[in-house]
Each structure stands twice: as structure tokens, then as C-alpha cells.
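Have a look at the structure below before the remarks.
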């Protein structure tokens, strides 16, 4: 009976040793993947910031004005002035519509 227990204990110890090494290697692989993902995220964030700078550069008002003047006939663009833009504040619009007389709203 004792040799059976010794063999059983040896098998159990070997099994747990194998499982420990398996978990150890899986943990190392997971750490490597996390480090690679963090490098990828940093690279993508840097790319996004470069794209934002490029977008701001391409959307400079003077550049857009020159482009609209250059391609005015081809694109059939209207000249844009500050009066063309409405106030986009919903609070102000709600206050203005509430302050109007009922007869003015119907017209």
C-alpha cells in the first residue's frame, strides 16, 4: 500500500509542478501581450494627435478661403459670412421662443 501512495504522491507533485510551469508561461505570454497592446495604443494615440494637427492645418480659414475662391465656379459655392451662422445654443433659442408673443409664432 505504501508504494502506491508514494507513486500517487509523486504523480500529484509532478502534475502540480507541470500546472505551475504552465501558469507561469501563460502569465509571461499575457504580460508580453499587454506590453505589446500598450505600445500599440501609444502608437495609435500619437497617430491620432498627428492627424488632428494635420486636420487643423488643412482647415485653416485662410486656406479654405483661398480654395473656395479658386474653385468657386466649379463647386458653385456661395460666399460665407458670419451672418450665415445661427446661434446654436438651445437655451437661448428656448428663451427666445418662450418670450415671443403667441401671435408672432403663428406668422
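The values are calculated or read from the model by the stated rules, or taken from the named source; none is laboratory data. In this text, all values refer to a predicted model and were calculated from it rather than measured experimentally. Counting neighbours? That spans all protein chains shown, and the Cβs are built from the backbone with ideal geometry, glycine included.
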Can you pull out the helices (runs of 4 or more DSSP H) entirely within the range 49-105 that have at least 2 residues that are modelled with pLDDT of 70 or more and surrounded by fewer than 10 Cβ atoms within 10 Å (Cβ to Cβ)?
61-70, 72-75
Within the range 1-40, residues being at pLDDT 95 or above and either touching a helix residue (DSSP H, G or I) at 6+ places or on another chain (Cβ under 9 Å) or outside any helix (DSSP H, G or I) (or both) number 0
